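Here's the structure, in structure tokens; my notes come after.
Laboratory data are not the source of any read-out in this text; all were calculated from the coordinates shown. Predicted model only: the values in this text are computed from it and were never measured. Neighbour counts run over all protein chains shown; Cβ positions are idealised from the backbone, glycine included.
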Amino acid sequence: MFKRRDKETVGRIDTLIGRSASVQGDVEFAGGLHLDGRITGSVRATAGSESSLSVSEHGVVEGSVEATHVVLNGRVNGDIFGRDRVVLGAKARVRGNVNYGVIEMALGAEISGKLVPRNDPPAAPKAD
């Protein structure tokens, strides 16, 4: 009857950056990226594709993040752009603005910045 949305949101993982890995520079990905390590640079999904980024409680991003779905349990020192959904777990720490379509926050998540809802322009009525 009830099921966890996290698995539904994250989907499959195409790329994994392990806990002992550290990446210097921007990362562009397609599909699903799971981060247990550290990225010093921006993390951006390929434009126009369904994408999901999950950051574990050990994961750190020193830069901005942009993806369709963002699930955060670690730290991001930069702005987050979640085109559809942003899920902040209890251990999530954000130093920057969070731009979202839909947001879900657990008790204990911290944001030092603004929450900015995504404003889509209204769809034009269809001509018959």
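The Cα-based radius of gyration of the range 5-111, divided by its Kirkwood radius, gives an Rg/Rh of 0.91. Using a simple spin-label model with pseudo-atoms 7 Å out from Cα toward Cβ, Arg19 and Leu107 lie 2.7 nm apart.
Between Asn77 and Lys91, the modelled labels are 1.9 nm apart [label points 7 Å from Cα along Cα→Cβ]. Packing order of peptides 94-107, 43-56, 65-78, highest average first: 65-78, 43-56, 94-107 (average count of other Cβ atoms within 10 Å over each peptide's residues).
Sequence-distant contacts, meaning Cα pairs under 8 Å at least 6 residues apart, place the relative contact order of the range 5-111 at 18 percent.
The residues Ile39, Ile80, Ile111, when put in order of fewest to most other Cβ atoms within 10 Å, stand as Ile111, Ile39, Ile80.
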